[in-house]
1. Does at least one position in segment 12-26 carry a residue that is modelled with pLDDT under 80, surrounded by 10 or more Cβ atoms within 10 Å (Cβ to Cβ) and among the hydroxyl-bearing types (Ser, Thr, Tyr)?
2. Identify the single condition in (1) open to solvent by less than 60 Å² (accessible area, probe 1.4 Å); (2) outside any helix (DSSP H, G or I); (3) of a type in the set (A, V, I, L, M, F, W, C) that Trp56 does not satisfy, given that it satisfies every other one.
3. Pull up segment 22-47, narrow it to residues that are among the acidic types (Asp, Glu) and in a helix (DSSP H, G or I), then point me to the one that is nearest to Gly6 (Cα to Cα).
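The values are calculated or read from the model by the stated rules, or taken from the named source; none is laboratory data. Predicted model, so just to flag it, every value in this text is computed and none were measured. Ideal geometry is used to build each Cβ from the backbone, glycine not excepted, and the neighbour counts take in all protein chains shown. Calculation scope for accessible area: heavy atoms of the full protein, side chains included, ligands and nucleic acids excluded. Shrake-Rupley method; radii C 1.70, N 1.55, O 1.52, S 1.80 Å.
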Amino acid sequence: MYQLLGDVDPAELTNAEVYPLRWGEPGALEWDRHWYDDLAQFLEAAAEAEDAVLVWLD
């Protein structure tokens, strides 16, 4: 289930200058869906297998 941005206010993201800085555009909260769905599936599989996941944000 896609709940990553369920309680997010686009105005708050704009005020906080959160990338990609286009939160006022229609559909802006959906920009990451194609990455999120695959990532969620990957992390769920890792959790079920009790595997660790290393995430590097650069």
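1. No, because not a single residue in segment 12-26 is modelled with pLDDT under 80, surrounded by 10 or more Cβ atoms within 10 Å (Cβ to Cβ) and among the hydroxyl-bearing types (Ser, Thr, Tyr).
2. (1)
3. Taking segment 22-47 first, the residues among the acidic types (Asp, Glu) are 25, 30, 32, 37-38, 44.
Next, from what is left, pick out any that are in a helix (DSSP H, G or I): 30, 37-38, 44.
Values: Glu30: 11, Asp37: 14, Asp38: 18, Glu44: 19 Å.
So the residue we want is Glu30.
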